[in-house]
Amino acid sequence: STKFQYLLLYTKENSPARELVQSFPPLPENYNKAIDQLKSRFGREDLLIDLYVRELLKLVLIRAREDQQLALRSLYDRLSTQLNALDTLGLTSDKFTYFLTPLVESALPDSVLKDWKRESKIQVSVEGDTM
């Protein structure tokens, strides 16, 4: 089936995931079975969350080292990637703002952080005036 061909295409050659997919006959009725097996074996959300949070921490550590500063665009892209991945897993920033916000803020250059704080105070003030 075409879906099986895509599964094979998007799994690394000689990998455990590829071997798992190849263990099923490529019939349409086996596609969902293969997906379920892949999810149960490789899609552990707890490990994925751990991975994404560790990547956020790496950005903070890079920021702490003066000899390894990231360009602001690169920092933004990397932060967005990790935050979007956490959001995909249901860990939205509104639920975990108490630890995500300090992590993100810690990765920002001081000048950007000051501007961000100033801007957020202005927005809170403007929103407060309209009530």
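Nothing in this text is a laboratory measurement; each read-out follows from the coordinates by a stated rule. These figures come from a predicted structure and were not determined experimentally. Backbone-built Cβ (ideal geometry, glycine too); neighbour counts: all protein chains shown.
Details
- The chain, dipole about Cα centre (Lys/Arg Cβ +1, Asp/Glu Cβ -1), debye to the nearest 20: 320
- Listed values [x] 20.9, 64; [y] 14.4, 40; [z] 15.0, 47, entry calculated as Rg and Dmax of the Cα atoms in Å: [x]
- Taking each residue as 0.36 nm, the span from Ser106 to Thr2 lengthens on full extension beyond its C-alpha to C-alpha distance by 32.9 nm.
- Computed E for Arg65/Ser40 - FRET, C-beta separation, R0 41 angstrom, nearest 0.05: 0.60
- Calculated [θ] (222 nm, deg cm²/dmol) that DSSP helices of n ≥ 4 give over the chain, each run adding -39,500 (n - 2.57): -25500 deg cm²/dmol
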